[in-house]
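Visitor: Take a look at this one; I'll ask things after.
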Amino acid sequence: GAGVSQSPSNKVTEKGKDVELRCDPISGHTALYWYRQRLGQGLEFLIYFQGNSAPDKSGLPSDRFSAERTGESVSTLTIQRTQQEDSAVYLCASSLGTSGRGRGETQYFGPGTRLLVL
Amino acid sequence: DAKTTQPTSMDCAEGRAANLPCNHSTISGNEYVYWYRQIHSQGPQYIIHGLKNNETNEMASLIITEDRKSSTLILPHATLRDTAVYYCIVRTSGAGSYQLTFGKGTKLSVIP
């Protein structure tokens, strides 16, 4: 596609429920990132996928958070037993994943999924 | 990655050039300067990046000082749609440096 897409755009859930967020990266981009942005705050890195390498999960805030990626395409971020502090905008970005002159590493962001946990 | 310092906010008259400064005095030789912006309720949007030379694209120009300790993003003819928070990010190229660290940025308000 032309850009990174995410779904749903908005999600309201009850505390304790599981949610699944989807990201479709730009076609041909091997690197994919998930970030979280709480209201009025900066972006927090969550997880990074690069090709077939093991993902870097160092930013995941707890074991309730997990993410999967199928090959070099769609990724899903799953939050189990949601808590009110999980309310945030979840942003996905992708990049070509190749280094060199910074171009391949430029990250392009999707519109985000706004998650509200009641 | 090196730390950046930006003014908290700036105003610019519509149609005039917006010049957004960024200090990155501890930048090292292999670190790029990236600029993103975030319009309210949207995901961050890539604007431009550079290493040493000045860069220009359809959105903006990036002027990097010779010592690379500061840079300026220039929006040549600001419009109301350019109102956003602008982030200057210094980032190493290569493995193990993939995540972007967004600071507080500069809130640019374009005034009619």
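No value in this document is a laboratory result; all are computed from the given coordinates. All figures in this text were calculated on a predicted structure; none of them were measured in a lab. Cβ atoms come from the backbone with ideal geometry, glycine included; neighbour counts cover every protein chain shown.
Visitor: Restricting attention to the range A:58-72, report how many residues are within 13 Å of chain B (Cβ to nearest Cβ) and closer than 26 Å to B:Ser41 by Cα.
Guide: Within the range A:58-72, residues that are within 13 Å of chain B (Cβ to nearest Cβ) and closer than 26 Å to B:Ser41 by Cα number 2.
Visitor: Can we say A:Ser94 is out of contact with any Gly (no Cβ under 7 Å at 6 or more places or on another chain), under 28 Å from B:Leu51 (Cβ atoms) and loosely packed, with under 13 Cβ neighbours inside 10 Å?
Guide: The answer is no for A:Ser94.
Visitor: Then there is this: Condition first: over 18 Å from A:Val19 (Cβ atoms), more than 10 Å from chain B (Cβ to nearest Cβ) and under 14 Å from the mean Cα position of the chain (by Cα). Now tell me which residues in the range A:31-48 satisfy that.
Guide: A:Leu32
Visitor: Right, here's the next one. Take residues that are hydrophobic (A, V, I, L, M, F, W, C) and farther than 20 Å from B:Leu100 by Cα and tell me which of the strands (runs of 3 or more DSSP E) falling wholly in the range A:44-118 contain 2 or more.
Guide: A:113-117
Visitor: Can you pull out the residues in the range A:63-73 that are among the hydroxyl-bearing types (Ser, Thr, Tyr), surrounded by 12 or more Cβ atoms within 10 Å (Cβ to Cβ) and free of Cβ contacts under 8 Å to residues at least 40 places away in the same chain?
Guide: Scanning the range A:63-73 gives a single hit, A:Ser66.
Visitor: If you check B:Ile47 against the conditions, is it surrounded by 13 or more Cβ atoms within 10 Å (Cβ to Cβ), within 14 Å of chain A (Cβ to nearest Cβ) and part of a loop (DSSP other than H, G, I, E, B)?
Guide: no
Visitor: Same structure, new question: Taking the condition of being charged (D, E, K, R), in a strand (DSSP E or B) and within 10 Å of another protein chain (Cβ to nearest Cβ), how many residues in the range B:61-112 meet it?
Guide: Residues that pass the stated criteria total 1.
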